[in-house]
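Novice: Okay, handing you the structure first.
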Amino acid sequence: MRVAVVQWGRTGAGPLFAQELAQALQEDGCDVVVSYSLDAEVADRFVALGVPSFPIRTYRDKRGAVLGLPRLLWAAFRLDRFLRRHRIDVVVIAMEQLWQGAVAPVFRFGGRRSLLCVHDATMHPGDFSRLEHLLRRAERRAADGAIVFSEPVAAALTSRGEFSAGRVHQTVHAAYQVDADRAVVRSTYREGVPVVGCFGRLSAYKGLGLGVGAITELRRRGTRVRLRVVGSGTDDALDLLRHEDDELENRWVGQEEIAQVVGGFDIALLPYTEASQSGVLAYAMALGVPSVVTPVGGLAEQAIASGSGIVATAVTSTALADALEEILADAGRYQTLSAAGVLAAAGPFSWARVAADVRVAAASVVSVRR
């Protein structure tokens, strides 16, 4: 089967997810081509795949997105020629993106099929943009099927009528690949004060206030922990980081740093108030870092299925503190969670698993007559 993996984002999870997926499909025996942004953080990783590629110069801000539309139209024409030349059967769009929505029909020209990876059924609170919302709808309407990574997203897409149940194909969010020397089972947290870490974009839905509250409750109970918060954003909860054991690095973290940052935690804390699944949890399991998550969206599904995390009983600071205490007080439980994450990353949450699921989904849309 001849597959094109497309994702035109510059930063964040999109380009990395696309590169990992393309590599996994290639290793699974597919003839793969890729299309990516020349400005992507991981552009060199696409080059290293050694497969035919269609790189595109995208944009850096919304103004650039609008001004670049004439260039986009020319690029779309050339992309169609590229896909025809390589006789692509299926285009797998690794993550939604603004310009991709604008040219979504191109992915299906010439009898091709397209599969859209839908990571979030709706835009996160605070992220809503009418233009992006409209282009996301266009991208979804043009797709022959959706690939999702949690049951809540599958249910949301079908309940809203965006895709019929037969057109939704579910897999898992694979654990991101890390260096072998980092993918180790931890017997317990390191000596000294344990580090509980929150990583990622610092937006309101990430629940940092709940996390700070949980740490405050632990300290009130007599347990000393360091709270390390790493990521960029302007969440009001940042003002709550006042304790001497609180550490804040409010900055953008490049892809090459993420494994080091998350690997520096003893426990990854995901106190989200809304989520579909989490790339942070995907990193944590690969690194053998146990997680504590809230029971929202697909987080519980991801933590339970991988065995790498504990799900708090409620979306409250007290429940999160109880879950953290459960890990901190039991070295055996800590090691079990760590080992389960490393094993999951190599097996049921591996990219090989995702590639196999994507191939099944691709075969299903190719077999359907228009």
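Novice: Sort out which residues of the range 163-186 are among the β-branched types (Val, Ile, Thr), within 20 Å of Arg140 (Cα to Cα) and in contact with a Gly (Cβ under 8 Å, 6 or more places away or on another chain), and write them in order of number.
Specialist: Across the range 163-186, the qualifying residue is only Val168.
Rundown of residues vs (1) touching a His at 6+ places or on another chain (Cβ under 7 Å); (2) open to solvent by less than 60 Å² (accessible area, probe 1.4 Å), yes/no style:
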| residue | (1), (2) |
| --- | --- |
| Tyr189 | no, no |
| Pro194 | no, yes |
| Ser203 | yes, yes |
| Gly211 | no, yes |
| Glu217 | no, yes |
| Arg224 | no, no |
| Val229 | no, yes |
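Novice: Separate question: Determine which member of the set Val185, Val193 is among the β-branched types (Val, Ile, Thr), closer than 18 Å to Leu281 by Cβ and not in a helix (DSSP H, G or I).
Specialist: It is Val185.
Novice: Right, something else. Does Asp266 satisfy the condition of being charged (D, E, K, R) and either within 30 Å of Leu157 (Cβ to Cβ) or open to solvent by 20 Å² or more (accessible area, probe 1.4 Å) (or both)? It would help to see each step written out before you state the result.
Specialist: Working: charged (D, E, K, R): yes; either within 30 Å of Leu157 (Cβ to Cβ) or open to solvent by 20 Å² or more (accessible area, probe 1.4 Å) (or both): no.
Criteria not met by Asp266.
Novice: May I ask you to list the residues in the range 134-152 that are in contact with an Asp or Glu (Cβ under 7 Å, 6 or more places away or on another chain) and outside any helix (DSSP H, G or I)?
Specialist: Ser150, the sole residue that qualifies.
Novice: Out of the residues in the range 36-93 that are outside any loop (DSSP other than H, G, I, E, B) and small (Gly, Ala, Ser), state the one that is most open to solvent (accessible area, probe 1.4 Å).
Specialist: It comes out as Ala48.
Novice: I've got another one for you. Only one of Asp246, Asp235 is crowded, with 18+ Cβ neighbours inside 10 Å and of a type in the set (D, E, K, R). Can you tell me which? Working first, answer last.
Specialist: Details: Asp246 fails: crowded, with 18+ Cβ neighbours inside 10 Å.
Unique residue meeting the criteria: Asp235.
Novice: Let me ask something else. Among the residues of the range 340-366, what is the count of those that are assigned to a helix (DSSP H, G or I) and closer than 27 Å to Asp144 by Cβ? Even if it seems obvious, please write down each step before you answer.
Specialist: To start, the set of residues in the range 340-366 that are assigned to a helix (DSSP H, G or I) comprises 340-346, 351-366.
The next check asks that each one be closer than 27 Å to Asp144 by Cβ; those that pass are 351-366.
Here the count works out to 16.
Novice: Do the conditions hold for Arg10, that is, is it farther than 24 Å from Val360 by Cα, touching a residue at least 40 places away in the same chain (Cβ under 8 Å) and assigned to a loop (DSSP other than H, G, I, E, B)?
Specialist: yes
Novice: What are the residues in the range 151-166 that are open to solvent by 70 Å² or more (accessible area, probe 1.4 Å) and touching a residue at least 40 places away in the same chain (Cβ under 8 Å), if any?
Specialist: Within the range 151-166, Glu151 is the sole residue that qualifies.
Novice: Follow-up question, since we're still on this one. Test Phe17 against the stated conditions and say whether it is touching a residue at least 60 places away in the same chain (Cβ under 8 Å) and either of a type outside the set (A, V, I, L, M, F, W, C) or over 22 Å from Arg130 (Cα atoms) (or both).
Specialist: It is true that Phe17 is touching a residue at least 60 places away in the same chain (Cβ under 8 Å) and either of a type outside the set (A, V, I, L, M, F, W, C) or over 22 Å from Arg130 (Cα atoms) (or both).
Novice: Another question, then. Out of the residues in the range 94-115 meeting the condition of being among the aromatic types (Phe, Trp, Tyr) and within 17 Å of Val365 (Cα to Cα), tell me which one is surrounded by the fewest Cβ atoms within 10 Å (Cβ to Cβ).
Specialist: Phe109
Novice: Scanning the range 279-302 for residues that are closer than 11 Å to Phe199 by Cα and of a type in the set (Gly, Ala, Ser), which turns out surrounded by the fewest Cβ atoms within 10 Å (Cβ to Cβ)?
Specialist: So the residue we want is Gly279.
Novice: Follow-up question, since we're still on this one. Looking at (1) out of contact with any helix residue (DSSP H, G or I) (no Cβ under 7 Å at 6 or more places or on another chain); (2) open to solvent by 10 Å² or more (accessible area, probe 1.4 Å); (3) of a type in the set (Asp, Glu); (4) in contact (Cβ under 8 Å) with a residue 40 or more places away in the chain, which is the only condition Asp330 fails?
Specialist: Looking at each condition in turn, Asp330 falls short on (4).
The values are calculated or read from the model by the stated rules, or taken from the named source; none is laboratory data. Quick caveat, the model's predicted, so the values are computed rather than measured. No Cβ is skipped: glycine too gets one built from the backbone with ideal geometry, and neighbour counts run over all protein chains shown. The accessibility values were calculated without ligands, DNA or RNA, using every heavy atom of the protein model including side chains. Shrake-Rupley method; radii C 1.70, N 1.55, O 1.52, S 1.80 Å.
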